[in-house]
1. Would you mind checking the pairs 102/132; 725/829; 418/567; 620/874 and listing those with alpha carbons more than 27 angstrom apart?
2. Compute the semi-axes of the equivalent ellipsoid of the stretch 105-151, taking the square root of 5 times each eigenvalue of the Cα gyration tensor, and list them largest first in whole Å.
3. List the relative contact order of the stretch 693-795 as a percent without decimals, with contacts defined as Cα pairs under 8 Å and 6+ residues apart.
4. So what's the Cα pair-distance distribution over the stretch 501-615, bin width 5 Å, in %?
5. At 7 Å along the Cα-to-beta-carbon direction for both residue 330 and residue 430, put a label point, then send me their distance in nm to one decimal.
6. Please compute the contact order of the stretch 249-333 in relative form: average sequence separation of alpha-carbon pairs under 8 Å and at least six residues apart, divided by the residue count, as a percent.
7. So how much slack lies between residue 489 and residue 467, counting 0.36 nm per residue of separation and subtracting their Cα-Cα distance, in nm?
8. List, in order, the whole-Hz ³J(HN,Hα) value for each residue of the stretch 716-725 obtained from phi through the Karplus relation with A = 6.51, B = -1.76, C = 1.60 and θ = phi - 60°; use x for Gly and Pro.
Amino acid sequence: MAVPVCTSLAVFIVYVFANICFVRVCVTVAHYSVNSRTQSLAQLENLCKQLYETTDTTTRLQAEKALVEFTNSPDCLSKCQLLLERGSSSYSQLLAATCLTKLVSRTNNPLPLEQRIDIRNYVLNYLATRPKLATFVTQALIQLYARITKLGWFDCQKDDYVFRNAITDVTRFLQDSVEYCIIGVTILSQLTNEINQVSATAFLIEASGKNLNLNDESQHGLLMQLLKLTHNCLNFDFIGTSTDESSDDLCTVQIPTSWRSAFLDSSTLQLFFDLYHSIPPSFSPLVLSCLVQIASVRRSLFNNAERAKFLSHLVDGVKRILENPQSLSDPNNYHEFCRLLARLKSNYQLGELVKVENYPEVIRLIANFTVTSLQHWEFAPNSVHYLLSLWQRLAASVPYVKATEPHMLETYTPEVTKAYITSRLESVHIILSRDGLEDPLEDTGLVQQQLDQLSTIGRCEYEKTCALLVQLFDQSAQSYQELLQSASASPMDIAVQEGRLTWLVYIIGAVIGGRVSFASTDEQDAMDGELVCRVLQLMNLTDSRLAQAGNEKLELAMLSFFEQFRKIYIGDQVQKSSKLYRRLSEVLGLNDETMVLSVFIGKVITNLKYWGRCEPITSKTLQLLNDLSIGYPSEHFSFLGINNQSNLTDMRCRTTFYTALGRLLMVDLGEDEDQYEQFMLPLTAAFEAVAQMFSTNSFNEQEAKRTLVGLVRDLRGIAFAFNAKTSFMMLFEWIYPSYMPILQRAIELWYHDPACTTPVLKLMAELVHNRSQRLQFDVSSPNGILLFRETSKMITMYGNRILTLGEVPKDQVYALKLKGISICFSMLKAALSGSYVNFGVFRLYGDDALENALQTFIKLLLSIPHSDLLDYPKLSQSYYSLLEVLTQDHMNFIASLEPHVIMYILSSISEGLTALDTMVCTGCCSCLDHIVTYLFKQLSRSTKKRATPLNRESDCFLHIMQQHPAMIQQARNLRMLSTVLNIIIFEDCRNQWSMSRPLLGLILLNEKYFSDLRNSIVNSQPPEKQQAMHLCFENLMEGIERNLLTKNRDRFTQNLSAFRREVNDSMKNSTYGVNSNDMMS
């Protein structure tokens, strides 16, 4: 039987694709070395068989190495065609398709245009004449076609954009049988992913004219591809935000205004809900994924009445699924439906939801569904996050909702809270009595995430939450105490009660931390006091047993509780008359904050004494001590690494420990150098011991490493704590010049061992960091210059040696190489921006320290592929921060670099502009602004008759630009101009001011291109809107002069803000609107 909704789906996709155009062309940089090596067809097929079929690791690695050499050989192209034509196995066809994809992707020595056209035509013909290929071969060939189309989008042949006829290419597949139709839809889906959307008017006319018979299994493949294509369309990143899964619950789909009529039509939304109930269960998750995206369309697409109508239809569809939940027994369906529920609140306000006609019934059904889900805690645990997110957002909105309609959350949030608490307690016995079940408490990250959500939910109707917790805690605590006193108690019963108490302590800490979500009352503070008393009493009981036994999970729960309590009830902002302290005084005799702090410190000492070998507890305990040491006026502990059998990485907690000790020392230190020297005696002895070892020809290397690593970790903790000039100068004069050579020697000896170099480099980075202006030397002191010399020595020594490592496996490259380089970047940035060195002195007096450090930076930078700069967040942050300082204060050095180095830097800035990390994006804006300003000034000066000629670097920079036109185009970067303008206008830009600063310089450097871009955008508007859009651009440049003075920049920034508002207003009022895609085409 034919199902009309499937035809409607095809029609909807036709509509969607009729309004999509390509947005960006991202060229992946690849570096291939040429290695000529002739291989016969038979040998290649044999290697493919060894690679994909053999179980012998050595044979497979040898085959992989040989095939990599084949990929890089000069005759690879012709051999690939032979493999496709004559190859007898699917694996050889896969190899050919993969190699061709690499060939067309390379940027150095790219294939000629005619050759790429031939490959494109060959692939289409190959797919058309061989519909029975293995699925993975078909997919690889489609990937090749999509890649060629993407990279050749702007290529012209006789004024014809030869790669823009994708729709024509695919039409013949769509007009044929279902088998070919599947190939056609798969091509379009891959194009959507690979090169963003394609412009089309009727690429699915034939498909939309066919009714799909869902009982015909041969058509299931077409249905699946149609759904994937729809999902790719709805999931497309229209404004370049590149949203990843980590921000899933905050995602807004920025669809073009030209799609507005489709979403105003209620039949569009109804189509997907009908599909969910009609198609086979295996396809349902894709339908729900599409609904998740549809539910997340940007609010500005509708006016208030339209949004209310759309929300009403959406809620009706959700209600229908909840009333018929049979398909939700499938984990994938369940997960996607939970995501859909979460989007109801992340994209709509509670005040809007309560006005929906069926809201009372729907909120009841959602509450029942949530309670049932929480009770079945072992089923799809990763989906619970979305349900708790929904209720957290609902509960957080209660104080702000102004609608007269009842929200009914006072009825249902206690039910959700109770279901979560009781289900976690009931899970303890089940997990302990059955093998193979994962304990949620093992995943502390997941537990903390859920508790953060529960903290807000539990604070709604807090009286009920507190009463439940008191009741459950008293029951478990009494049972636990009785079991401990009983000689016949079984270990299983004790473990069950400890597990239940662990959950309760975690939850109590969470709900106390949730106090910040609501305006608290004295009565609620008193309730907190009841809960805190019980946890502290339990702590006294468990601590008394630590000599015999302890429970690690319960101790971690205690530390989590202490951290939440500290945030809420310790500090200057807390009223000392709080009813919580009254209750603590009545029950435990803790009369004030100072006495409670004494309990905390006692717990810290106890944990370090008994749990020193447990890294999670030790780490969190020291973090608690560190937090408490901010403003809070022995024996060896095992975590300090005294045991020679422990690993070097086991001593990481020492830094936190010595930070806390350093802060406590600073309370009364003042200028007392005797007290400081007394405190540093053990560290002095350790340094002397290492120096003694280094002075001999043979020494125990492991002992030397252990002593040095522990020492530098301790020193970094102290250096971090000493943020005042007086105390930090004591430390500096203690370590320099006496012990600096020891650190340099350690880098020289063990540069290849990150367990040694990382702590040393981090210590040096901390020493040169002018935190709180602590590095303030006297005017007659050369110490600032001397400190930078040491910094330069260390960076140069480490950099030159780490580059000798050679090829490093991809899975180890960060640990062995990039992490150390990242720290060097941070160190150099801190030194250059510390304002305690006049760097002009180095060149003036022929000191090469600055030049050595900067040249080492360039060497290290060029050893890093572009992709790694953004793949590793710490590396990207340190690199772009350093680059910002260099472009601001050392632009003459940048200008003196070789052309390929400047191109590398400019390319990295271009990629960083669209990074997810706001800090990276902002830094790139600043770098671009400095470079554009420098270039604009130099170009302006070069056209004037000046008595004083340009300096050598500036003159050389302009000469290089003239010799390399491609580089000046990159420097002026037309793509950067359109990218920045696109982000400012169409994205919810959090750093609009930063984005606006380089834009004026880009416009002034590219006035013709900006004029063309403006005309393109204006002409893309409906005729009646073109004049208004033209006026927007006129207003943007009104009063702007052709200079980059601060006054002119500020005026442009103001104009840009107004321009953004005017364009967005025009988009809302237009049936077409400004499509962000047009700006990039």
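1. From the list (102/132; 725/829; 418/567; 620/874), the Cα-Cα distance tops 27 Å for no pair.
2. Calculated on Cα positions only, the semi-axes equal 22, 12, 7 Å.
3. Numbers: 62 pairs, mean separation 35.0, N = 103.
Relative contact order for the stretch 693-795 comes out at 34 percent.
4. Bins of 5 Å from zero give 2, 11, 23, 25, 19, 11, 6, 2, 0 percent of pairs.
5. Result for the modelled spin labels: 2.4 nm.
6. Relative contact order for the stretch 249-333 comes out at 39 percent.
7. My answer for the length gained is 5.0 nm.
8. 5, x, 5, 4, 5, 6, 7, 9, 10, 4
Only the coordinates and a few stated rules stand behind these numbers; no lab work does. These numbers come from a predicted model, not from an experiment. Here Cβ is always computed from backbone atoms with ideal geometry, including for glycine, and neighbour counts include all displayed protein chains.
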